[in-house]
Each structure stands twice: as C-alpha cells, then as structure tokens.
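Step one of this worksheet: look at the structure below.
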Amino acid sequence: MTNKTDEKSIATAIYTVNRHAKTAIDNKPLYELKKLALHKMLTENKAKKIGLHFVRNPRFSQQQSSVLIQCADYYFHVIPVKEDFKNLPHLGHLDETYRNPIRKMNLRMAKQVLSEYIGPQSTTETKKTSNPIPLYPNKFKNTFKKSSKSYLDR
C-alpha cells in the first residue's frame, strides 16, 4: 500500500468515526480516537493545520473558534490550544457550501484502522462513572426485598 493510499484510508476512517460520533449516545471514545489519530498525523506531517474558524453554535452564547485541519482530501475541526491562536490565521466563518467527500467505511473497520495506526500505547479506555439506567426499575424491586429478608432471617 502506498503512502497516499494509507493517508486516504486513515482520513476516511477519521471521517467515519467523526460522522458516527455526532449521533452517538456515548461519543467521548469516538472523539478521543479522532483526536489521537489527527494528532499523530500532524506530528508525522501527514496532515496540516490550515487556520481557525468560528464555531457555528457556540456554548453559552460566547464566540468560540476551532482549528481546521486538512488530512488527505478531508477537512476536520478540533479544539484549539493556546499556541493555535498565536500561530494560525483566523479564517472567519465556516464555508457552509463545502462538504467532505463521502466514502463508505464500516465503523468497526474505521476503529480498527485508527487503533492500528495510533498503536496500543495511545488508546485509552474511558470508564463510565455512573451506573447504567435499568430498563425495568420496579420489576424486581419487591423480589429483592423478599429474598434479602428471608436470607437474613435464616
């Protein structure tokens, strides 16, 4: 596989992960995978930072910016660091007419491609801090009380 094909498949995998992260319930692991892959591509000079864009729907009605990164023939946005404001030009508002090329890749395949690219030392497992919500919270409520009382009574 050539270097350009490799870059294009990694960029397609990032695009797929990003597309799924926008609608996922638990999107933090997907965005973390995107961030790590883009960071590694930037350090290897396979991607480059273009400039800053205003965020379309900023939090708390305060103006925010994001970094525009070109990776193969895709463009992605990430959260800027302090040096980005000093070193990158501000491009103003996002061009709403531009769309990334649409290429199909299975999410499982995209995760695998990015995990192999990043390497095992960089992938981090995010632990859930809260318990999952039970589907039927009252179904076993009385059963547990009865069984625990009878167990204690013995």
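The values are calculated or read from the model by the stated rules, or taken from the named source; none is laboratory data. These numbers come from a predicted model, not from an experiment. Here the Cβ is made from the backbone with ideal geometry for all residues, glycine too, and neighbour counts use every protein chain on show.
Quick look at the numbers
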{"read-out": "Filtered residues of the stretch 72-85 (kept if assigned to a loop (DSSP other than H, G, I, E, B), without any contact (Cβ under 8 Å) to a residue 60 or more places away in the chain and either exposed (fewer than 15 other Cβ atoms within 10 Å of the Cβ) or among the acidic types (Asp, Glu) (or both))", "value": "79, 81"}
{"read-out": "Filter result for the condition that a residue is without any contact (Cβ under 8 Å) to a residue 24 or more places away in the chain and either outside any helix (DSSP H, G or I) or buried (at least 20 other Cβ atoms within 10 Å of the Cβ) (or both), over 25, 50, 14, 69", "value": "25"}
{"read-out": "For residue 65: the one exception among (1) polar (S, T, N, Q); (2) out of contact with any Lys or Arg (no Cβ under 7 Å at 6 or more places or on another chain); (3) modelled with pLDDT of 90 or more", "value": "(3)"}
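To keep it simple, each residue is scored yes or no on (1) at pLDDT below 90; (2) surrounded by fewer than 17 Cβ atoms within 10 Å (Cβ to Cβ); (3) of a type in the set (A, V, I, L, M, F, W, C).
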{"position": "38", "(1), (2), (3)": "no, no, yes"}
{"position": "56", "(1), (2), (3)": "yes, yes, no"}
{"position": "59", "(1), (2), (3)": "yes, yes, no"}
{"position": "92", "(1), (2), (3)": "yes, yes, no"}
{"position": "104", "(1), (2), (3)": "no, yes, no"}
{"position": "108", "(1), (2), (3)": "no, yes, no"}
{"position": "114", "(1), (2), (3)": "no, no, yes"}
{"position": "121", "(1), (2), (3)": "yes, yes, no"}
{"position": "124", "(1), (2), (3)": "yes, yes, no"}
